[in-house]
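Inspection log for the structure reproduced underneath, given as structure tokens.
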Amino acid sequence: MSREELSFLLAGEPAYRSDQVWRGLWQRGQWPTEMSELPKGLRHELAGRVRPALQEVARSQSVDGGTTKWLWQLADGPLVETVLMLYPRRATVCVSSQAGCAMGCSFCATGQGGFRRHLTSGEIVEQVVAARRAALPRRLGNVVFMGMGEPLANYDRTWGAVERIHAHLGLSARHITVSTVGVAPGVRRLAGEALPVNLAVSLHAARNELRDQLVPLNRRYPLGVLMDACASYLQAKGRRLSFEWALIAGVNDTARDASELATLALALPLPAHVNLIPLNPTPGYPGVGTGAAGAGAFQELLASRGVNATVRDNRGTDIAAACGQLAGKPLTLEAVQVPN
Ligand code: SAH
Ligand code: SF4
């Protein structure tokens, strides 16, 4: 909801009411019925008129309690997911930017399910508000656009959400990360924006022949085009970007892959940081993730070329909340086999 819509809803009320409700909604993540400073009648009237964009269908928690996943239903039916990761003193939320995804990466559960629709800025921001509230007393420190969907294929609404997260929720651009599978024109547009958000590029292969297979969008924006766009982002922002690399045993985890990746990372004006994510299992892809020893060896090969890499821990695999596992489906459906 915009400020103008809120003023419209509160027509006839004193002007300060609008500030009170706005602060309640955005700064405290409150629902109108919880805004104790409002007269009771107004609370209930507002609750009847402010419709949440997201209806909670299910909330699951990992066994260790550190990861929460929401399944939401949008007003017109599609399902999306949000993941909150708790750390000792802060929290990170991973938000969805689309219901489904049209990019068709075969190893990704979101891609396997196809595309439903773009999310609005409000639907994106509401995910952050819900997570910020659930994270308390921890501070929600980071917002990453690494949930369902390709944020740069839904550029305007994603950017509208970034601006609102920055302006209303007080997160600095350095604490907001947009991840893209390689929409080169979107990367160039990002370079022209005022807010210097972090950029993560999901690479997975550093030669076109292999990347064409893993990431179909590579046929449209091959590595040369994508790397030029990344270089202009770096030049405009002066900030290092990161490459995401899902390590798939025998597919993209060989010494040759490490060498090609190092060459690309070092060719940028500032060397890229590499995040290695051993592939998480998804229902529609037969490949398996590289084991810990193989991931360590790959990381060493990169280090020997002067490229910094981190192996990500697989948080939330027990509730299908890890990278690439968001399918927008109730967990129970995945477990139930329907006989045919
Ligand atoms: N569409 C954007 C944003 C989603 S981010 C993008 O692809 O960048 C989700 C991240 O998880 C991406 O880096 C994606 O490549 C990665 N990923 C997808 N499927 C995965 C899987 N099965 N295991 C590990 N990582 C995966
Ligand atoms: Fe879409 Fe990203 Fe999944 Fe590819 S990896 S299908 S771009 S969400």
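GLN73 label point, 7 Å along Cα→Cβ, cut-off 15 Å on backbone N: hits in segment 15-57? Backbone N within reach: 52-57.
When the helices of the chain are scored as -39500 (n - 2.57) per DSSP H run of n ≥ 4 and the total is divided over every residue, the value at 222 nm lands at -11000 deg cm²/dmol. Taking 7 Å steps out from each Cα toward its Cβ at ASP313 and ARG49 produces label points 4.7 nm apart.
Charges were assigned to the Cβ only: +1 to each Lys and Arg, -1 to each Asp and Glu. The resulting dipole of segment 70-150 about its Cα centre is roughly 480 debye. Once you reduce segment 278-334 and segment 182-213 to the center of their Cα atoms, the two points are 20 Å from each other.
Label separation (ARG138 vs ARG219): 4.1 nm, computed from points 7 Å beyond Cα along the C-beta direction. Relative contact order of the chain, taken over Cα pairs closer than 8 Å and 6 or more residues apart, is 15 percent. Rounded to the nearest Å, what's the spacing between the alpha carbon centres of segment 151-181 and segment 11-78? Just the number, please. Answer, in whole Å: 21. I'd like the FRET efficiency for ARG90 and ASP228, computed as 1/(1 + (r/R0)^6) with the beta carbon distance as r and R0 of 56 Å, rounded to 0.05. Given R0 = 56 Å and the Cβ-Cβ separation, E is 0.95. By the gyration tensor of its Cα atoms, with a ≥ b ≥ c the square roots of the eigenvalues, what is the shape of segment 1-51: rounded for a/c under 1.5, prolate for a/b over b/c, or oblate? Here segment 1-51 falls in the rounded category. A crude spin-label estimate for the pair ALA194 and ALA249, with each label 7 Å from Cα along the Cβ direction, gives 5.1 nm. Rounded, prolate or oblate: which one fits segment 43-112, using the alpha carbon gyration tensor with axes a ≥ b ≥ c (rounded when a/c is under 1.5, else prolate when a/b beats b/c, else oblate)? Taking the square roots of the gyration eigenvalues as a ≥ b ≥ c, segment 43-112 is oblate. The Cα-based radius of gyration of segment 53-337, divided by its Kirkwood radius, gives an Rg/Rh of 0.94.
Values in this text are rule-based calculations from the coordinates and carry no lab data. Computed from a predicted structure; not experimentally measured. For neighbour counting, all protein chains shown are included, and Cβ atoms are generated from backbone atoms with ideal geometry for every residue, glycine included.
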